[in-house]
Structures are given as structure tokens and as C-alpha cells.
Amino acid sequence: MKIEFRKAKNKDINRCIEVRGLTSDNQFTKNDLAAIGVSAVSWSSLIDDSEIIGFVALDKDIVIGFCFGESATGEILVLAVLSGYEALGIGKELLSLTSYHLFTLGHKELFLAASATPVVRSYGFYRRVGWQPTNTYNNDGDEILTLSKYDVGC
Ligand SMILES: CC(C)(COP(=O)(O)OP(=O)(O)OC[C@H]1O[C@@H](n2cnc3c(N)ncnc32)[C@H](O)[C@@H]1OP(=O)(O)O)[C@@H](O)C(=O)NCCC(=O)NCCS
């Protein structure tokens, strides 16, 4: 299997939304995303204006994973790998590509909110790839984790 990575484009959004609902755990369906204001319409102009930047992973030209971050704040907004493609290093590569891009915009520290439940795969994943838990939580109960540019040698 040859997985390719490239910068995300506007035309990828519908498929990314689909993939977010087809992960093996911690799924967010199209309706779940719409409820928090994320839709192809709302994200298209943000991507066009580079307010949101990201990368996609492709298997035979089909998006099987993606990651997006917010240019102004340095927040990683979403990361997802399609069920059946986990544990191949795809999530790590997508997160690295997006993080490096955000660091090149001038951020010294990035942040994200992730499940605070250890049984959720992302809990161990983010710690494994170098993100630091902060013991602070957002209104949804998700934990804030950070990544310093100095820790990744940027
Ligand atoms: C979390 C997610 C992105 C991980 O993607 P992935 O492609 O399976 O992860 P990778 O294969 O890149 O793993 C990278 C490293 O983390 C390790 N890892 C992954 N999950 C782990 C866990 N739960 N505990 C410990 N280590 C873990 C891997 O073993 C690998 O280690 P290595 O670099 O030493 O080989 C993916 O499982 C996913 O899409 N989950 C559902 C959506 C989600 O929760 N997204 C995050 C929302 S905040």
C-alpha cells in the first residue's frame, strides 16, 4: 500500500467530513460536525483564505486521513484516519505536516483539545507523538495539550 500526502484543498472537504464519521473510535458524523458549525460550506471559504490549513493522506487518490489547523491561533482543529488504516504512521505524519506548517507561520506553541478518556486511541497517540497534557480542560471536558516548536527542533 502506498500512501501519499499533500496539502488539503477545498475539493477534499466533503470526503474529509465523511472520513471523520468513519474512524474506528471517537467518530463525529456529518450531523455532529454540523452541530458545532463545521460543514463543507463553512470550511470552504476558510480554506480558500488559508485561515485553515491542512494535509490529506491518499490511498489510490482517495482521501483516507486528514488534519487541519487554524493559522491565526496555532490550534490543531481535527485529525482523523479512516478505520482500517490505523497504526501505519498516517496520523503521525498528517499531524507533523500540519504542525510544521503552523510553526512556519510563527507560532512557538501549538495546542489542541482531545478526549481526556484513556481508552480513546487519541489519548495515548498524542502523548506518544510528543504532545504535553496541560491538565486544563475546555467546556466539553476535552483536555488541552500543547506542542512547543523547541521540542520538535523547529
Ligand atoms: C488518533 C489517530 C489519529 C491515530 O492515527 P494513527 O494513524 O492510527 O496513528 P499512528 O499510526 O500514526 O501512530 C503514531 C504512533 O503513536 C502510537 N500510538 C497510537 N495510538 C496509541 C495509543 N493509544 N497509545 C500509545 N501509543 C499509540 C503508535 O504506536 C505510533 O508509535 P510509533 O511512532 O512508535 O510507531 C486515529 O486513530 C484516529 O483517527 N482516531 C479517531 C479520530 C480521533 O480521535 N482523532 C483525534 C481527535 S482530537
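The values are calculated or read from the model by the stated rules, or taken from the named source; none is laboratory data. On a predicted model such as this, the values are computed, not experimentally measured, just so you know. Positions of Cβ are backbone-derived with ideal geometry, glycine not excepted, and every protein chain shown enters the neighbour counts.
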Quick check: anything in the stretch 4-25 of a type in the set (S, T, N, Q), within 12 Å of the ligand (Cβ to nearest atom) and outside any helix (DSSP H, G or I)?
yes
Taking the residues in the stretch 92-105 that are aliphatic (A, V, I, L, M) and more than 19 Å from residue 16 (Cα to Cα) as candidates, determine which candidate is farthest from the ligand (Cβ to nearest atom).
105
Looking only at residues that are away from the ligand (no atom under 14 Å from the Cβ) and surrounded by 13 or more Cβ atoms within 10 Å (Cβ to Cβ) in the stretch 106-148, which one is nearest to residue 24 (Cα to Cα)?
132
Quick check on my filter: what residues within the stretch 47-91 are within 12 Å of the ligand (Cβ to nearest atom) and over 10 Å from the mean Cα position of the chain (by Cα)?
57, 64, 82, 83, 84, 85, 86, 87, 88, 89, 90
Can you tell me which residue among 72, 57 is touching a residue at least 12 places away in the same chain (Cβ under 8 Å), crowded, with 22+ Cβ neighbours inside 10 Å and on the phi < 0 side of the Ramachandran plot?
57
Members of the stretch 79-116 that are among the basic types (Lys, Arg) and under 12 Å from residue 147 (Cα atoms)
108
Evaluate the following for residue 29: is it within 13 Å of the ligand (Cβ to nearest atom), without any contact (Cβ under 8 Å) to a residue 24 or more places away in the chain and over 29 Å from residue 2 (Cα atoms)?
no
Those residues of the stretch 95-137 that are among the aromatic types (Phe, Trp, Tyr), assigned to a helix (DSSP H, G or I) and touching a helix residue (DSSP H, G or I) at 6+ places or on another chain (Cβ under 9 Å) come to a total of 2
Residue hits (the stretch 29-49; assigned to a loop (DSSP other than H, G, I, E, B) and modelled with pLDDT of 95 or more) are 29
